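Just below is one structure, and these are the notes that go with it.
The values are calculated or read from the model by the stated rules, or taken from the named source; none is laboratory data. This one's a predicted model, so the numbers in the text were calculated from it and none came from an experiment. Cβ: placed from backbone, ideal geometry, glycine included. Neighbour counts: every protein chain shown. Surface areas here come from the heavy atoms of the whole protein model, side chains and all, with no ligands, DNA or RNA. Shrake-Rupley method; radii C 1.70, N 1.55, O 1.52, S 1.80 Å.
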Amino acid sequence: MTSSLLANCALGISSLVLAVVFFYYHRRYQRPYLRLWFWSWLALTVYAVGAGISYEIAMVSPLSPWRTTASLLSLVAAYLQVVWLLAGAAEIATQRRAHPGWLRALLAGAVVAGITSVVVGMSDPAGGSLRLLLRVGVRNLVTGVAFGLSGVFLWRVRTKHPAAGVRIVAATFLAYGLLLIQVSLVSLVPERLGEAYMALLRQVGPFDLVAVTLIGLGLVMWLLEEEHRRLVRTLGRVEELETRDPLTGLENRVTFLHQLERQLTLAGKTGQLTVVGVVDVDRFRDINDAFGHSQGDEILRRLADGLTASRRETDLVARLSGDQFAFALGGFSRAESAREAAVQYLQPLRFPFDLGARQVHCQLSVGLALAPRDGESAEEVLRHAHAAQRKVKAAGGNDLLVYSSKVVSRTAEDLDFERELRRVVGSGELLLRYQPVVSYPTRTLVGVEALLRWLHPVQGELNPGQFLPLAANLGLMQRIDRWVLSEACSQATRWQRAGSSIRVAVNLSAFSLGDPRLPEQIGRLLEELPLDPQRLRLEITEHDAVRDLDTGAACLAALRDRGVSVCIDDFGVGYSSFNLLDRLPIDTLKIDKSFIQRVGRDRREATIVSAMISMARSLGLAVIAEGVEEEAQARLLAREGCTHHQGYLYHRPLLASEISPLLPVPDSREFPPEVMGGPTSFA
C-alpha cells in the first residue's frame, strides 16, 4: 500500500468520523445545516477513498474500467461535497432553509460536473495535463473556493455571535480553502509541476487531518456556546414571565404587589395617599365569542396601552388575570383628589376601540381603595379595591365605586340575600307582570311580554336587574327560566281558553339557550297544557345570542320548526347586530328603547331607527318598538311602518288579572276554548 493510498484512507476515516459527529449533533440539536454538512463530509469520505483506489489501480493498469469507476465516484462525490458545504454555510449566514428546488438543481449539476470531468479526462488516457487539470486543478479550485466562501459566511456569523467555536471553524475553512486554491493554481501550470507540486501535496495531506480535527473541535465548542446562549435567553425569558404578563407586557400580580408595598412604605413616611384601582371588563367573554380570541387579546393589549398612556414614572400598572387590570397612583393629600385623578387616568379607556371595520366599546367595572385609609399593606388595599369592583359588577357593571367600610358591613346582608335567592324558586315569592304590546293607532292589545319580579319579604318588589346577575353567578338561571316559562305558558293557556289570540313573550337567558334539551322540554310543556305554539314568543338579547351562536341557532331553529316565534330583544345595542339577522332563525325584531327614547329629539337617531325598520321589513321580519313614551315617537314609528309598540305611553307592566279586561273581543274563527289537561310543570 503506497503512501498516497494511506493518506487518502486517513483523510477518508477522519472525514467519516466528522460526518458521524455532524449526524449526532444534528439529531441532538436539530440544526438543518448539520444535516447538510453530514452529507458533505460523507461525500468527502467517498472522494478520499475513491481517489486513493483510483491512484493505486492507475499504477498497475491505467486503462482499467475499475479505475474509471473509482474516478467517477470520487469526482462526483467531490462536487456533491461542495454543494452541501455551501448550502449549509448559506443556511447559517441567512438563517433560512435552503430552497429544496435550488438544492436539487445544484446537486444534479454537481453530478453532471463529476461525470463530465471523467468522460473528458478519458480522452487523455496517458494521464497528461488535461486529466490533471480536470481531476486535480478544477476540483481543488472549486473545493477551495467553496471552503473559502463558507469561511467568509461563518466569519459574518462570528461578528454577530462572537464565540471561539465559530472563530475556529471559520478560520479553518478559510485556511483550508486557500491551501486548496494554491494547489489548484500550481497544477494549472505544467512547467511548475514537479518538486513544487509534490511539496504542496505533502502539506495538504497532514493539513487534511488537522483541518478535520479543528473543524470537529470548533463545531463542538460552537454548539455548546450556542446552547449556553439559548439557556441564558431562556432563563431571562423565565424571569420575565415571573414578573410580567406575556400578552400585554405589563407587570403581573406578584410584581405589582411587591412594587406597591414599597410605594406604600415611602408614602407612609410623607403622609400622602395612594389610590389603588381594579379594572374589570364587563361581558368580556361575549366579546371573545363575537369576535374571536385573537381580537379579544388585541382589546386587552389596547386596554393596557390606554392604562399606560398617561402613566407617570411613579405610577404602577399590572394585568392581574384574564380581563382584570390594576393600577396605583400616589402623591395625593386629599381623598377627593385621588378619586378625581383615578377617573381622569381611566379616560383613555372610555373611547371605542377600532377592530378593522368594527368599533367595540368596552364597559368597565372599577373599584378604588385608598391607602393608608383602607389598609396599610399592599394585599389589604388591593383586596378592598377588589371588593369595590365586585360590588360594581354585581350591580350591573359599567361604573366606578370607592371602597368604604359600608361595603364590608354589607357582607352579611349579601350572604343572607344569596341564601334567600337560592330558595326563591318554589317559594311563592316570584311573580310575573305582563307589559302589553299594542297596535297603533287603535291601541288594540296584540300581545304581552312576561316580566319577572321578586316579592322580597323585606325589600319589597325587586326588578330582575337587582337579583338576576347574582342568580347567574350562582347557576340558578335555568331553574328561574323554567319557572317563568311554565308560569307564562300556563297563563297564556288560560287566556287561550277565554278565546284570546294574544301572544305571550318570554325572555330566555343564554344559559337555557345553550341547552340542547330546550326544544323538547318546551314542546312537552306545550302539549301538556295544551297551548298553541303560535301563542308563545321567545325573546333573546343580542349579547346572549352570541355567547354560543351555533348551539343557540340550532336550538332556536328547532323551536321555530315547532311553531314557536323567536324575537331578538334590545336590537341595536349588541356587538354584531346586523350579522345576527342572517345567522339566527328569527321572525321578529324588537328595537331597543335607547333608540326609541331619542327618536323624537335627534334626527340622526330617527334615521337609524328608520333604517332598522326598512331592513327588517325587507327581510320579512315583524318589528316591535319598546320604550315608547311619547305620542310623537308613536306617530314617527307608525310613519316608518312600525305599528306594534310597547311602553309607558300605553301601559306599565300589569298583573295577569289586570290584562284580562284589555283582551280583544274573542273571534269565533280563532282557536276555540279547550279544556286544560295535564300538569303545568316544565321538566
Considering every pair of different Cα atoms, what Kirkwood radius, in Å, is found for segment 16-58? 11.0 Å
Debye sum, Cα scatterers, segment 421-543, no solvent: what log₁₀ I/I(0) at q = 0.16, 0.18, 0.21 1/Å? -0.83, -1.03, -1.30
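Quote the FRET efficiency, to the nearest 0.05, computed for GLN459 versus SER294 with a Förster distance R0 of 30 Å and r equal to the Cβ-Cβ distance. Provide the component values of the computation, followed by the final result.
On the way: r = 44 Å, r/R0 = 1.47.
The pair GLN459/SER294 has a calculated efficiency of 0.10.
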Using only alpha carbons, build the gyration tensor for segment 336-478 and give me the equivalent ellipsoid semi-axes, biggest first, whole Å. 36, 25, 13
Order of 214-220, 32-38, 98-104, 74-80 by packing, highest average Cβ count within 10 Å first? 74-80, 32-38, 214-220, 98-104
Given a Förster distance of 25 Å, report the FRET efficiency between ARG583 and SER618 from their Cβ-Cβ distance, rounded to the nearest 0.05. 0.90
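Report the per residue volume, in Å³, of the convex hull enclosing the C-alpha atoms of segment 1-96.
On the way: hull volume 7.5 nm³, N = 96.
With only Cα atoms used, segment 1-96 gives 78 Å³ per residue.
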Starting from the Cα of ARG604, step 7 Å along the direction of its Cβ; do the same at THR308; then give the gap between the two resulting points in nm. 3.3 nm
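Please report, as a whole percent, how much of the solvent-accessible surface of segment 450-529 comes from carbon and sulfur atoms (probe radius 1.4 Å). It would help to have the intermediate numbers written out before the result.
Details: 1490 of 3110 Å².
Accessible surface attributable to carbon and sulfur in segment 450-529 totals 48 percent.
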How large is the translational diffusion coefficient of segment 208-358 in µm² per second when you combine the Kirkwood radius over alpha carbon pairs with Stokes-Einstein at 20 °C and 1.002 mPa s? 115 µm²/s
List the residues whose amide H sits under 5 Å from the amide H of GLY514, counting only those 5 or more places along or on another chain, with H placed 1.01 Å from N in the peptide plane. none
Using Cα-Cα distances under 8 Å and only pairs 6 or more residues apart, what relative contact order does segment 602-659 have, in percent? 32 percent
Taking a temperature of 37 °C and a viscosity of 0.692 mPa s, what whole-number D in µm²/s does Stokes-Einstein yield for segment 484-527 with Rh from Kirkwood over alpha carbon pairs? 285 µm²/s
Karplus 3J(HN,Hα) series, Hz, for segment 48-64 with 6.51 cos²θ - 1.76 cosθ + 1.60 (x for Gly, Pro): 4, 5, x, 5, x, 5, 4, 5, 5, 5, 4, 5, 9, 9, x, 9, 5
Compute the separation of the alpha-carbon centres of segment 463-480 and segment 308-383 and state it in Å as a whole number. 29 Å
In nm, to one decimal, how far is the GLN272 label point from the THR551 one, both placed 7 Å along Cα→Cβ? 5.1 nm
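Rounded to the nearest 0.05, what FRET efficiency do GLN95 and ARG285 have when you use their Cβ-Cβ distance and R0 = 56 Å? Can you show the working numbers first?
Details: r = 40 Å, r/R0 = 0.72.
Computed FRET efficiency for GLN95 and ARG285 comes out at 0.90.
If you average 1/r over every pair of different alpha-carbon atoms in segment 71-119 and take one over that average, what Kirkwood value in Å do you get? Each step should come with its number before you reach the end.
Numbers: mean 1/r = 0.0897 Å⁻¹.
When all Cα pairs of segment 71-119 are included, the Kirkwood radius is 11.1 Å.
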State in Å² the accessible area per residue of segment 475-577; use a 1.4 Å probe, count heavy atoms of protein chains only, and round to the nearest integer. 33 Å²
